[in-house]
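To keep things clear, I will list the structure first and then write my remarks on it.
The values are calculated or read from the model by the stated rules, or taken from the named source; none is laboratory data. Computed from a predicted structure; not experimentally measured. Positions of Cβ are generated from backbone atoms using ideal geometry, with glycine treated the same way; all protein chains shown enter the neighbour counts.
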Amino acid sequence: MSAYPKIHLSFPVGDLDQSVAFYKRFFGEGPVKTRPGYVKFLPSMAPLNLALYTGPKAAGDATNHFGIEVRDHASVMQHLRRIKVSGLDTREEMDVDCCHANQDKFWVKDPDGREWEIYVLNRDIDEPGARGEEACCAVQETGEVSGQARSSDMPACCG
């Protein structure tokens, strides 16, 4: 369990068992609390309290994505290897320029379509002409899974 403070996220899921199986693989550890219609994760990889429950989405529930920033490229690769071994599909973006920064990252989708990224900020990009949020934070639809993309290949979302 990571130290306090923690960010608390709570959202409904379509299939609690399927979501628990996904998050066990994504976090590399199981939930700390399980009750009928409710599960809570406190992953050691991030200061996060994630509650999943069965029920309808809240009105206006529209999320772009969630991200976990790690310390260095080696940490990104460690999590990427662990998650690939668990059987989850990933989408890699290494050395990508996005939102005025250069990042190495990868993405996974939970059973309800929520995207999670694990990334490292390599460096800030402050020079004129760097891609801004309008260029890199738009929702992207791609059929590529378990592949690798570079900044010149496709737009990326911000971390």
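Taken together, A74, A58 contain a single residue that is surrounded by fewer than 14 Cβ atoms within 10 Å (Cβ to Cβ) and modelled with pLDDT of 95 or more, which is A74.
Of the residues making up segment 109-122, those that are surrounded by fewer than 22 Cβ atoms within 10 Å (Cβ to Cβ) and in a strand (DSSP E or B) number 7.
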